[in-house]
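Here's the structure we're looking at; comments come further down.
Read the figures in this text as sums done on the coordinates, not as results from a lab. The structure displayed is predicted, hence computed values, not measured ones. Glycine also receives a Cβ, built like all others from the backbone with ideal geometry; neighbour counts cover every protein chain displayed.
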Amino acid sequence: MRSDFLTCSWPLSGRSDEVAGLAGRLTRPDAGRVLLLGEAGVGKTALWREVLDRCGERGAHVLSAAGGASTSDIPFLALSDWAGPAGTETFESMRRAVRAQAGPRPLVLGIDEVDHLDGASASLVAALAQEAGAALLLTARCPEPEPREGVLPGPLGRVPCETVQVEPLSEPAFDRLLRAVLDGPVDGLTTGALWRMSEGNPLFLRHLLLAGAESGGLQRRHGVWTWRGPAGGHPRLRDLVAGAVGVLPDEEARALEYVAQAGSVPRTALESLIGAEALAGLRRRSLITVRPEAEGEQVRVAHPLYGEVVRAGTGPLRRRRIHRDLADAVDRCGGAPDPIRPVLWRLRAGAEVPEARLVRAASAALRHSDPQLAQRLVAHLHSPGAVRVHGQALVAQGLAAEAEELLATRDGPPALRALNLFWGLRRPAEARAVLDGLDEAAAKEPETRVAARALALFTHGESHARDVLPSALDAPDSGDWLTDNAAATLRAYALTLRGRPARVVREFERGAIGLPPAWGSMRGAAEACHVYAMVMAGELEDALRTAGRYCREALERGDEAELALAAFIRGVALYWAGRPDEALEPLREAQALVNEQTIFPVEGIIVTEYASCAAALGRTEEASEALAVAAGRFPEGSSMRENLRKGEVRVHAAAGRVALAADLADRLAETYLAGGRLTTGVEIAYLCCRLRPSAAAARRLHEAAQECDSELFTLFARHGSALAGRDVAGLSAVAEELASLGYAGLALEAVQAARDLSSGRVSDELARRAGELARGRPPGPRSPSPAPARGSGELTGRERQICELAASGMSNPDIAGYLRISVRTVANHLQRAYDKLGVKRRADLPGALALPSADGS
């Protein structure tokens with residue numbers, strides 16, 4: 001863990017255009033004069049240094065100095081390095097020395113914190129600018145609304161200067177800086193939190209990182225930096241904010257406390273508490289903002305970090321008084337259009353609020369995507385209505401353990417409890433027991449049916465899931481917002497599985513299927529269903545854009561569970577785009593963000609997809625290790641374990657064990673298609689056609705595609721038929737259509753297959769096209785098709801399969817057990833394969849079959 005964030009040299013991020021432009025202005029013949037203005041820590045000094053260095057590189061004579069509180073009253077102390085021994089400086093001697101040093105070169109003078117420069121030094125700098133034609137680059141802090149006036153001291157105020165406002169870093173520049181400083185990827189949620197707290201201010205970021213390093217909140221997990229826990233109470237941040245805020249008059253300090261605790265407070269209410277003068281003082285110091293909104297002018301802290309630190313430093317008794325004062329002030333001023341805010345303030349102050357009003361306010365908070373607030377409003381209530389809303393709020397936040405304790409001890413709704421036991425706590429057996437204990441009438445309730453379907457789809461075996469899949473296409477209106485959100489997401493999932501991805505895309509577009517507004521993990525699941533449906537419907541470019549948008553929105557909401565799923569599905573879309581190298585990072589991020597709030601059983605699916613990407617890049621050992629991890633993330637007997645089998649097929653294929661992969665794919669495709677999971681069945685049947693082309697495999701894929709609504713599946717079927725028929729023109733046409741849709745990896749496979757089947761000029765043209773499609777793609781297996789074996793005879797499918805297993809390091813008895821054949825049969829097949837390949841021993845098989853050896857080489 002590095003902890004030198006304060007002392008190490010940081011790169012200048014996102015300022016290259018500014019540096020070039022400013023250096024050009026300062027070194028031009030008419031000697032530009034520039035004043036850099038910006039808030040403390042925004043990066044003025046770093047920009048100033050970089051520009052002066054660039055001027056020196058262009059041949060200018062550069063002199064720099066910095067003002068400060070310790071130099072503002074002593075003549076020439078700030079400029080003492082410019083000429084002469086200490087104590088001998090006079091105006092004339094300094095002016096002559098500087099001009100002599102510059103000689104014929106352009107003179108550039110840089111003054112950091114020019115507003116703290118003493119009068120004599122300011123006069124000298126002004127004289128050098130006016131008489132010697134010196135260019136000026138000055139910096140000053142600008143706390144005032146109109147900062148230019150009065151910033152430059154003495155005679156410098158009469159020197160015309162171009163004012164340049166130094167803004168905080170843009171979000172992309174901030175992201176680049178953060179990665180550079182931490183020397184590695186950072187999860188999106190952490191990046192978003194640091195961005196919001198620092199608002200692009202590099203100094204604040206530096207202190208935040210140091211606070212995280214010292215407290216242990218900033219850690220590296222799965223190779224990705226992530227932050228856990230609060231930040232505002234760290235002593236370093238308190239010191240930083242104290243320095244930025246300065247010493248405030250009592251009324252202004254009180255006003256800042258009110259605003260920090262409220263988050264947002266009506267101006268009229270705040271002025272009734274502390275007066276207009278204190279409010280104006282905070283505005284002059286740029287510590288608050290006042291903005292008109294629909295409910296009137298609202299006051300907020302100017303920087304999130306100010307609020308974080310002020311709140312962390314306010315004791316509990318003081319907080320109670322502040323909230324009581326705020327609630328009283330709002331009531332005196334006629335109340336607020338938002339009924340939730342004064343209710344919450346009164347609760348925080350320990351005042352009484354009628355229960356019915358609290359439950360209504362909590363329900364409104366849930367509808368407005370604020371389950372945290374809903375929880376706080378009803379946490380101390382015990383009526384059935386309050387318990388239901390409280391339980392929903394806990395489940396929506398992913399607080400599964402707390403929700404189970406509440407729902408179990410206070411007789412909460414059984415369907416809600418079952419959903420939480422399954423999706424939240426990953427205890428499907430207990431969830432089934434809750435539902436099995438219901439009487440016949442309760443079992444028929446819409447919300448109970450939704451919970452039962454979820455359990456059947458994700459925890460029972462394939463045959464049970466097949467039976468329940470059609471019923472999941474319905475979305476019963478239970479009147480319970482959380483259950484209805486779960487039902488809508490299940491419906492999107494079921495429709496996609498049943499071969500209707502295009503329909504899912506259309507229903508999302510017109511709002512027939514929506515995103516849960518407050519339940520982060522379920523919202524992420526719905527987003528994943530949406531993006532996956534787009535990928536399977538042939539709308540890959542839209543899928544990539546939508547996945548990126550979902551990631552950004554999850555960052556803004558700060559929901560780890562949602563972001564984990566959004567990052568995961570973005571990785572899936574990148575994999576289908578033929579960019580597995582780019583897919584690894586969001587999939588790693590998804591693994592790092594998965595926690596107890598992530599709905600079950602997503603973690604295993606994420607790790608399986610990561611294994612597929614690693615295999616596609618030729619990293620088969622890493623992929624195999626990931627599959628071993630994924631195996632422990634799926635419940636035994638669950639239909640979801642078939643995702644693991646899909647990963648195994650991809651890893652075997654990428655490793656060159658094509659016969660083995662083809663056999664597994666063939667069986668898996670049959671399992672999916674027989675179970676009514678048509679979309680995944682088509683995906684695996686398509687892979688089977690590419691692994692072992694045949695008329696039967698192509699026919700199965702064609703028939704399955706006909707049952708679905710995706711035009712992409714029809715294109716897959718054409719690809720399979722062209723491979724089986726060795727149709728060069730057909731493969732070329734398929735490749736171009738796949739490329740036009742964005743499926744570059746599949747397009748490259750089709751072109752390579754066509755090239756292998758052609759000769760002469762056609763082969764040359766296809767080789768050129770393959771090169772175009774491969775440009776910019778990462779190195780890795782070129783396609784899942786089997787590489788030609790050396791030797792005079794062609795291996796049978798069983799011979800190749802046994803050779804692949806032998807090359808992977810398996811013994812004859814292990815192979816026999818795996819394939820359920822005798823050891824003698826294994827030995828006979830191996831010997832025939834040796835004869836055909838012209839090899840004599842097991843160790844020669846990898847080279848003969850173009851396979852990786854058992855040690856991965």
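Computed from Cα positions, the angle between helix 560-576 and the longest principal axis of the chain comes to roughly 60 degrees. For the chain, excluding the exposed loop sites themselves (trypsin sites (Lys or Arg not before Pro), DSSP loop, at most 15 other Cβ atoms within 10 Å), the longest remaining stretch covers 445-725.
Measure nothing but the geometry: give the 0 to 90° angle between the long axis through the Cα atoms of 728-741 and the longest principal axis through the Cα atoms of the chain, rounded to 10°. Between helix and principal axis, roughly 30 degrees. Could you please state, rounded to a whole Å, how far the C-alpha centre of segment 13-31 is from the C-alpha centre of segment 478-542? Centre-to-centre (Cα) distance: 51 Å. Near W225, the amide H atoms lying under 5 Å from its own belong to V186, D187; only residues 5 or more places off or on other chains count, and H is placed 1.01 Å from N. Considering helices alone, the calculated mean residue ellipticity of the chain at 222 nm is -19000 deg cm²/dmol, with DSSP H runs of length four and up weighted by -39500 (n - 2.57) and normalised per residue.
Determine the sum of side-chain charges near L712: Lys and Arg each +1, Asp and Glu each -1, restricted to other residues whose C-beta is under 11 angstrom from that of L712. Local charge sum for L712: -4. Residues whose amide H lies under 5 Å from that of L248, counting only those 5 or more places away or on a different chain, are absent; hydrogens are built 1.01 Å from N in the peptide plane. Reducing segment 714-764 and segment 307-375 to their Cα centroids gives an inter-centroid distance of 64 Å. Take every Cα pair under 8 Å whose residues are at least 6 apart in sequence, average their separation, divide by the length of the chain, and the relative contact order is 7 percent. For the chain, the longest principal axis of the C-alpha atoms and the axis of helix 384-396 are separated by about 90°.
What's the longest piece of the chain with no exposed GluC sites (Glu not before Pro), counting a site as exposed if DSSP puts it in a loop and it has at most 16 other beta carbons within 10 Å? Write out the running numbers ahead of the final one.
Values: sites that count: E149, E295, E352, E596, E636, E707, E794.
With GluC sites (Glu not before Pro) excluded where exposed in loops, the chain gives 353-595 as its longest stretch.
Amide H contacts of V34 (H built 1.01 Å from N, in plane; Pro and chain starts excluded): L136, L137, L138, E162 sit under 5 Å, all sequence-distant by 5 or more or on other chains.
Tally Lys/Arg at +1 and Asp/Glu at -1 over every other residue whose Cβ is under 12 Å from the Cβ of A327; what's the total? Let's see the in-between values first.
Numbers: positive: R320, R321, R324, R332, R341, R346, R348; negative: D325, D328, D331, E352.
So the environment of A327 carries a net charge of +3.
Can you tell me what the convex hull of the Cα atoms of segment 171-229 projects to on average, as an area in nm²? Mind dumping the intermediate values first?
Numbers: hull surface 14.0 nm².
The orientation-averaged projected area of the Cα hull of segment 171-229 comes to 3.5 nm².
At a Cα cut-off below 18 Å, give the aspartates and glutamates reachable from K444, other chains included and same-chain residues fewer than 8 away excluded. Cross-link targets: D436, D467, D474, D477, D480, D484.
If you take the Cα centroid of segment 376-443 and the Cα centroid of segment 254-298, the two points sit 41 Å apart.
Return the tail of the calculated pair distribution for segment 797-849, meaning the percent of Cα-Cα pairs more than 18 Å apart. List each step's numbers first, then the result.
Details: 246 of 1378 pairs.
Of the Cα pairs, 18 percent sit more than 18 Å apart.
Looking at the chain alone, DSSP beta bridges between its own residues are antiparallel in about 35 percent of cases. Three semi-axes describe the equivalent ellipsoid of segment 327-429; taken as square roots of 5 times the Cα gyration tensor eigenvalues and ordered largest first, they are 29, 12, 10 Å. Rounded to the nearest whole Hz, the Karplus-based 3J(HN,Hα) values (6.51 cos²θ - 1.76 cosθ + 1.60, θ = phi - 60°) of segment 438-454 follow the sequence 7, 6, 4, 5, 5, 5, 8, 4, x, 5, 5, 5, 4, 4, 5, 5, 4, with x at glycine and proline.
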